[in-house]
1. Restricting to segment 198-222, name every residue that is farther than 22 Å from residue 150 by Cβ and either in contact (Cβ under 8 Å) with a residue 60 or more places away in the chain or touching a helix residue (DSSP H, G or I) at 6+ places or on another chain (Cβ under 7 Å) (or both).
2. Count, please, the residues in segment 127-141 that happen to be in a loop (DSSP other than H, G, I, E, B) and either surrounded by fewer than 22 Cβ atoms within 10 Å (Cβ to Cβ) or at pLDDT below 95 (or both).
3. Out of the residues in segment 142-171 meeting the condition of being farther than 22 Å from residue 94 by Cβ and touching a strand residue (DSSP E or B) at 6+ places or on another chain (Cβ under 7 Å), tell me which one is surrounded by the fewest Cβ atoms within 10 Å (Cβ to Cβ).
4. Given the criteria surrounded by 16 or more Cβ atoms within 10 Å (Cβ to Cβ), within 14 Å of the ligand (Cβ to nearest atom) and free of Cβ contacts under 8 Å to residues at least 24 places away in the same chain, does residue 195 qualify?
5. Can you tell me how many residues within segment 106-126 are buried (at least 20 other Cβ atoms within 10 Å of the Cβ) and within 15 Å of the ligand (Cβ to nearest atom)?
6. What are the residues in segment 58-89 that are under 21 Å from residue 149 (Cα atoms) and more than 17 Å from the chain's Cα centre (by Cα), if any?
7. Is there a residue in segment 55-71 that is over 12 Å from residue 3 (Cα atoms) and surrounded by 15 or more Cβ atoms within 10 Å (Cβ to Cβ)?
8. Give me the pairs: first residue in segment 12-29 and under 19 Å from residue 123 (Cα atoms), second residue away from the ligand (no atom under 16 Å from the Cβ) and part of a loop (DSSP other than H, G, I, E, B), beta-carbon distance under 7 Å, and six or more apart or on different chains, which are they?
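The values are calculated or read from the model by the stated rules, or taken from the named source; none is laboratory data. What you see is a predicted model, and the numbers here were worked out from it, not measured in a lab. Please note: Cβ atoms are built from the backbone with ideal geometry, for glycine as well, and neighbour counts cover all protein chains shown.
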Ligand SMILES: NC(=O)c1ccc[n+]([C@@H]2O[C@H](COP(=O)([O-])OP(=O)(O)OC[C@H]3O[C@@H](n4cnc5c(N)ncnc54)[C@H](OP(=O)(O)O)[C@@H]3O)[C@@H](O)[C@H]2O)c1
């Protein structure tokens, strides 16, 4: 099996890549940085806020028997009310969290045979389902990812394609993204105390738990449901 994962340098993406490599699969990482070195691992350096050219994957995708694409790379962006957020940050948040997963999904749908098993996993967020002041562009980017995921599943089902699509909210996970959230200015982020409290009470989910829950989800028979939360 071949697994393409964006954002493998830290957090959930790094844990997923390590897990699949331990299981003996071929892993392709995409992102700005990488520390993984393994005979079954290939890395393509790409800044997803700046490029949507995935032609480097053509050979790998066409040679795969079974493919999983995990659109994991994400940024919270500047934690500020939208009236204060700089425009370039709004653009790059949407580019990394929404546009890159859409174009990469499109690339894989076009280049991987319709009759071979394909799974697309988009790492979404609970913030795509409820508003969190200070995170407007992040919330919007994840809501877009959810509806994109539901729509492409229906589009490909109309063509009888062998496809599973998941848009998965992982819970509040102990990664560098949460460190950034805790460093935010409380004056622009009213939920700040609750994120500090989660860390203080040791209530953040570990990346290992996220991997375990996601693997359990992917091993279940697929029933066409797209939106999942790993909190449940
Ligand atoms: N942690 C949570 O509580 C939580 C909750 C809900 C959803 N999520 C989602 O989970 C996913 C993984 O986040 P994480 O928590 O594991 O955070 P993380 O440790 O900060 O990982 C984010 C990953 O995205 C990559 N990335 C960021 N900007 C990029 C860019 N411009 N181009 C290419 N790659 C880029 C980073 O790699 P480089 O910097 O090396 O490029 C990094 O590997 C994200 O989609 C996030 O929204 C996280």
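1. If the condition is that a residue be farther than 22 Å from residue 150 by Cβ and either in contact (Cβ under 8 Å) with a residue 60 or more places away in the chain or touching a helix residue (DSSP H, G or I) at 6+ places or on another chain (Cβ under 7 Å) (or both), then 199, 204, 207, 208, 211, 215 are the ones that fit.
2. Taking segment 127-141 and keeping what is in a loop (DSSP other than H, G, I, E, B), we get 129-135.
The next check asks that each one be either surrounded by fewer than 22 Cβ atoms within 10 Å (Cβ to Cβ) or at pLDDT below 95 (or both); those that pass are 129-133.
Looking only at that region, the number is 5.
3. Within segment 142-171, the subset farther than 22 Å from residue 94 by Cβ is 154, 156-164, 171.
Checking which are touching a strand residue (DSSP E or B) at 6+ places or on another chain (Cβ under 7 Å) leaves us with 156, 162-164, 171.
Working: 156: 18, 162: 14, 163: 21, 164: 19, 171: 17.
Going through the qualifying residues, I end up with 162.
4. Numbers: surrounded by 16 or more Cβ atoms within 10 Å (Cβ to Cβ): yes; within 14 Å of the ligand (Cβ to nearest atom): yes; free of Cβ contacts under 8 Å to residues at least 24 places away in the same chain: yes.
Yes: the conditions hold for residue 195.
5. Residues meeting the conditions: 6.
6. Step one: filter segment 58-89 for residues under 21 Å from residue 149 (Cα atoms), giving 61, 66-76.
Within segment 58-89, 61, 66 qualify.
7. No: segment 55-71 contains no residue that is over 12 Å from residue 3 (Cα atoms) and surrounded by 15 or more Cβ atoms within 10 Å (Cβ to Cβ).
8. Correct list of pairs: 27/40.
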